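Some notes on the structure that comes next.
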Amino acid sequence: MAYHSTQLWMCEPRGRPSRPRSGQEPGWGAGDLPTVTLLPACDRGNSQRASVGWPATEEDVITSIEIAVGRIGQALVKQLALGWFNEKKAENRRGRDLSSLIRSRFPLPRREREVLETLWQVEDEVARKLAPTCARLSHGLPQNEVIASLEAVTDTLEEADISDAALLGQDLDPIRVYHEIRRGQPLAIERAGLSSRSAALYDAALRRACIVLVHLARELPEFQAVSAVESLRRLTSISVKLDEILDRLPYRKSSSNVEQFSADYMNYISSSLDRLDLLGLSMRHRPKLALSMAYLSLSVTSIDSVSRKYRGSGRGRSDIIEDWLISSIRESASGTMQVETALAMSPRVLLRGEAGSGKTTLLDWLAVTAAQSGFKDELQAWNSHTPFPIRLRSFSDDPLPEPEEFILHAAKLLAAEQPEGWVRSQLHLGNALVLVDGVDEVPPPKRRAVRTWLQNLTTAFPKAKFIVTSRPAAADRKWLAEEGFTSVMLEQMAPGEVIVFLNRWHDAAKHARSLPCSPSDLPIAEERLRRQLAARPHLRVLATNPLLCAMLCALNLERTSELPRNRIDLYRKALDMLLHMRDSERGIASLLDTTEKTAILRDLAWRLTTGNRAEISAETMLRYIELKLPAMPNVDVSPVDLAQHLLARSGVIREPTPGRMDFVHRTFQEFLAAEEATEDHQIHTLVDNAHRDSWWETIVMACGHAKRPQLSELLSEILARAERESRYARRLRLLASACLETITEIDPRLLGRIEGEIKEHLVPPRSARETRSLGAIGQRLIRYLPTDLSELSETSAQATVRAAWQSGGSDVLRRLALYSTDPREGVQRELIDAWQYFDPQSYAVEVLSDAPLIRGFIHVRQLRLVPFLSELQRLSRSSIDSGEVVDNVNFLEGVPHLWAVSAQVSKSLDLRPLAEHSEVRQIGFYSASGFTSTQALGKLTDLDSATLFRKKSSPWRSLKILENLTPLHNLTLDFVHRISDFSFLSSLAHLTNLSLYELSLPRGFGEFVHLDQLQNLYVGWTKSISLSGIADALPSLKVLSLVSVSRVDLEPLTRLGSLTELKIAKCAEPWDLSPLAGLKIKLRLDKSFSHDGIENLGEGIEIEGVEM
């Protein structure tokens, strides 16, 4: 570090000089001692502070930072002395000259000098201990800011009440003392005019000074006026061992203190980031939820991910499509995967996602989970990593942080205690998880500096892990490719993920400190929101975005009944959040206000809609903005800057591919286009396009924006078209009816006309599509639906049931009860599917209790419904798929007529709850670390199919568990590579279908077991296998599937006369198929792969391509 020069005036020293307060002229102290005065060449502008330094020669170089730290030591020692001399009254403490105070306690000049010299010694030692920490923390700050920060600490200490009583009142806890001092002087930073980084240095130095102060206060002897000489002797003894005392401060790099700091830092990260702040609620009722509870894993896509998807994972499950137990959790090879899987594949990831897609939340979750050592499965190895979250928006106007400053940014209050070199050590060792959030949140000119900064970090610390987030408009997928980053894109949530999200959100909300409703109302609110999502497609569109889904949850809590039936208000809130609230609450400046942004976006949306387009080129977008700006006199921004700002910060439009622009949700385009249509009175254009599918939502929302005359004109003309144009009559009547959802006020005669059209032409609905349209009418739909379904076709009856439950009215259950006795499968399936959207017990009792179900069968996908299966009087077979990870299967206790069960488990599974279900036919348990109480399987006398998957870390070591599965026809096992004894399979006399993952038979099927009856064998994700001996081991085998298997010699199959079908898929290299020539079999091959020898196959081979 380069320091400012210091001017030095010296007198011939004959002893230690006195140290005048700020504003005093240096002069002779006690005993006419000469003074040495040091004045920094650059001090705080208005400060004429003089300071006394150490005895020096002309060759001494004393830096400005040492002087400033020396002043901190001076203020600190004075406070110690005042406390030592029992100067308790504040008015006596402030402004009291230390020399006069000492002179009053030690009248003899010699004793006074001894006391002063002893205190100076303490002062020097304190400064010596503080200087390295302050120098390290001030790295990168301008010299004047460093001095200003440290002198502000001096001022704070001089003004503080640090009497013995004050210290004891804080239990001699340095952190509590620090906070008490800061509370006493809340404007200290503002008064000193410090920047954010200078303020951080101020905080760190003051915190360190408080630690020193408390440690010394604990050691000082009690001053007794009657025994001043003895007190002096004891003070002198303290000064002698002062170095030892200060060496005990918790900032030296000893192993114990490093461990303590690591623990403190992890605790801080965990507690400070483990919350989810919900936008969309008022500040008063904005609960901070536990992120670790509310977090939901999301899906990502990557262009390069397909070939690497299963790297290190062992196998996939996509090929056992015949097994219903497995098909529900199968993966595709399209490049879509869970984000944790993608992160585990690469140490450097550029995570891209649109506004509200969950980027920041994901990084916070990673930091919290690393701090809590809570990672599982693919990311379990990350539990030893130290997270360093870095918000780039904090450095918009400041230099990007050096490694030493990571703690200053992530945990400012702990920065002073950071062991020297600790962050760099974590980075060098590969224990660091650097989480860089928001490339899009720094100005475009600075993004190149961000890239260079990341390049330097990854070059210097190649073992560390880096995850960087950005919106796509600010960083394309190749932005960090040269630095070795893999780019992935966050996907929208699927319907199943939305349901899980709702459940997690409301569970986490139970623990919020403040809610706009009673915690006991949360289950009711969740059920209400589920029903509305099911009934209202426009809400489901929003719910696929995590941020907007959370907003729906929050808005739903603020209302005692339901979200606004008028979705205009809902969309307006969503847009306000995206255009204004998020950036405003993050302190990010905007080029335009919300009204101006909305005006430009409205114009763009209308131009896209009238052109029947969903996206346009960047050049076209720029031209449209240029055309709009002359009508906005208060906007003084260039079209280029404005276009870039809207793409990067609006959160409403995006650049899905380079050079192309669209809206993040088509819904927002339709909403804004509808508003523009009414603002510009384009009613005729809306009417002319009313028959087009692409205009439906725009017209529905235009009715919500329209004034009464516009509304009457629009709907009257649409109904007039319905009368004139029979080709589009039903569509136009449905459209007019759907518009009732967004209308606040309408002419009663026009309303009566529309209701007449509903009764005469629209109900009952003829299809699910018509049901979706009718659902927009809302609760009033119930009054138009028939009470009896017997005269309707099955399709129409099913659509009527759906329309009824989706309407969400208070009479829904009573109406559904009237429909529940209809035995047709479509009707019963619809009634069963609706169960999840209502209170489970009420629905079971009022609707399903006497329902025939699907010939007595019901399949349940949510565990919260299971306890109420006993209410279903006509139930004869029940199937349960947990749909979530469970610790046990105790939910099976008391389940009537269990026929099938599937569950993904988190640990070793106790099978005892199965014992009471002797009639169960299918079981499937996944990711178990083991199975206990396996004797329960022996009581499943009707068991036909079993799928038992274990964790990769807990592979099968013995198949003894299988000896109890004698009735079995179908068996699937994974991770059997450590099994050498398959003899237990011979006890399964009825086994006809067997699927094995990671089977290891390097010397062939001579090591396997003889199974006369086996007809189908699936072998997956196997690197070490030979087919020799297969004809002898499996003489009745008809179908053989080899998926993701290392190339094998197919010649042994020529001796397997029973073989009728061979499937080869997901191979790493071409296989030689020529040995199959002459066989008469069906050969199913991966369409995307070429094999050798196909041209040599005879006519008896029927080749079929299969999608992988």
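The values are calculated or read from the model by the stated rules, or taken from the named source; none is laboratory data. Fair warning: this is a prediction, and the values are worked out from it, not measured in the lab. Glycine gets a Cβ as well: all are built from the backbone with ideal geometry, and neighbour counts include every protein chain shown.
Is one or more of the residues making up region 1023-1039 hydroxyl-bearing (Ser, Thr, Tyr) and under 39 Å from the mean Cα position of the chain (by Cα)? No - not one qualifying residue is present in region 1023-1039.
Only a single criterion out of (1) out of contact with any Pro (no Cβ under 9 Å at 6 or more places or on another chain); (2) under 18 Å from LEU914 (Cα atoms); (3) part of a loop (DSSP other than H, G, I, E, B) is not satisfied by ASN888, namely (1). The requirement of being over 19 Å from ALA367 (Cα atoms) and within 26 Å of the chain's Cα centre (by Cα) is satisfied by ARG447. Scan region 368-395 for residues that are over 21 Å from SER927 (Cα atoms) and touching a strand residue (DSSP E or B) at 6+ places or on another chain (Cβ under 7 Å) and the total you get is 10.
Looking only at region 902-914, decide whether some residue is assigned by TED's automatic domain parsing to the domain that holds SER1044, within 23 Å of ASN1016 (Cα to Cα), not polar (S, T, N, Q) and not in a helix (DSSP H, G or I). No, region 902-914 has no match at all. For ALA1033, state whether it is surrounded by 15 or more Cβ atoms within 10 Å (Cβ to Cβ) and within 30 Å of GLU1095 (Cα to Cα). Considered against the rule, which asks whether it is surrounded by 15 or more Cβ atoms within 10 Å (Cβ to Cβ) and within 30 Å of GLU1095 (Cα to Cα), ALA1033 comes out as no.
With respect to GLU919, determine if the residue is outside the structural domain of GLU526 (by TED's automatic domain parsing), in contact with a helix residue (DSSP H, G or I) (Cβ under 9 Å, 6 or more places away or on another chain) and of a type in the set (Asp, Glu). Considered against the rule, which asks whether it is outside the structural domain of GLU526 (by TED's automatic domain parsing), in contact with a helix residue (DSSP H, G or I) (Cβ under 9 Å, 6 or more places away or on another chain) and of a type in the set (Asp, Glu), GLU919 comes out as no. One residue stands out in region 316-359 among those that are within 30 Å of SER650 (Cα to Cα) and part of a loop (DSSP other than H, G, I, E, B): the one that is modelled with the lowest pLDDT, namely GLY335. Of all the listed residues (SER879, SER908), the sole one being surrounded by fewer than 17 Cβ atoms within 10 Å (Cβ to Cβ), touching a residue at least 12 places away in the same chain (Cβ under 8 Å) and in contact with a strand residue (DSSP E or B) (Cβ under 7 Å, 6 or more places away or on another chain) is SER908. Looking across region 915-945, the residues that are crowded, with 22+ Cβ neighbours inside 10 Å and part of a loop (DSSP other than H, G, I, E, B) come down to HIS917, VAL920, LEU940, LEU943. Checking each residue in region 655-708 for being among the polar types (S, T, N, Q) and under 22 Å from TYR728 (Cα atoms) picks out GLN682, THR685, ASN689, SER694, THR698.
SER1041 meets all of the listed conditions (1) part of a strand (DSSP E or B); (2) small (Gly, Ala, Ser); (3) surrounded by fewer than 17 Cβ atoms within 10 Å (Cβ to Cβ) but one, namely (3).
Going by the conditions given, is LEU959 at pLDDT 90 or above and either within 27 Å of GLY1029 (Cα to Cα) or in contact with a Lys or Arg (Cβ under 8 Å, 6 or more places away or on another chain) (or both)? Considered against the rule, which asks whether it is at pLDDT 90 or above and either within 27 Å of GLY1029 (Cα to Cα) or in contact with a Lys or Arg (Cβ under 8 Å, 6 or more places away or on another chain) (or both), LEU959 comes out as no.
The residues on offer are ALA534, ALA550, and the sole one that is assigned to a helix (DSSP H, G or I) and either at pLDDT 80 or above or closer than 20 Å to ASP839 by Cα (or both) is ALA534. Residue check: is LEU601 modelled with pLDDT of 75 or more, surrounded by 17 or more Cβ atoms within 10 Å (Cβ to Cβ) and outside any helix (DSSP H, G or I)? So LEU601 does not fit the description; no. Looking across region 1004-1026, just one residue is assigned to a loop (DSSP other than H, G, I, E, B), at pLDDT below 90 and not small (Gly, Ala, Ser), and that is LYS1023. So for region 177-197 (the condition being buried (at least 23 other Cβ atoms within 10 Å of the Cβ) and either at pLDDT below 75 or not β-branched (Val, Ile, Thr) (or both)), does at least one residue qualify? Yes, some residue in region 177-197 is buried (at least 23 other Cβ atoms within 10 Å of the Cβ) and either at pLDDT below 75 or not β-branched (Val, Ile, Thr) (or both).
Out of the residues in region 807-849 that are within 37 Å of the chain's Cα centre (by Cα) and among the small types (Gly, Ala, Ser), which is nearest to VAL763 (Cα to Cα)? Only one residue fits best here, namely SER807. Of all residues in region 983-1003, those that are assigned to a loop (DSSP other than H, G, I, E, B) and either within 42 Å of the chain's Cα centre (by Cα) or surrounded by fewer than 21 Cβ atoms within 10 Å (Cβ to Cβ) (or both) total 8. Return the residues of region 201-220 that are surrounded by fewer than 21 Cβ atoms within 10 Å (Cβ to Cβ), in contact with a helix residue (DSSP H, G or I) (Cβ under 8 Å, 6 or more places away or on another chain) and either charged (D, E, K, R) or at pLDDT 75 or above (or both); say none if nothing qualifies. Matches in region 201-220: GLU219 only. If you go through region 1049-1057 one residue at a time, do you hit one that is part of a strand (DSSP E or B) and either surrounded by fewer than 21 Cβ atoms within 10 Å (Cβ to Cβ) or of a type in the set (A, V, I, L, M) (or both)? No: region 1049-1057 contains no residue that is part of a strand (DSSP E or B) and either surrounded by fewer than 21 Cβ atoms within 10 Å (Cβ to Cβ) or of a type in the set (A, V, I, L, M) (or both).
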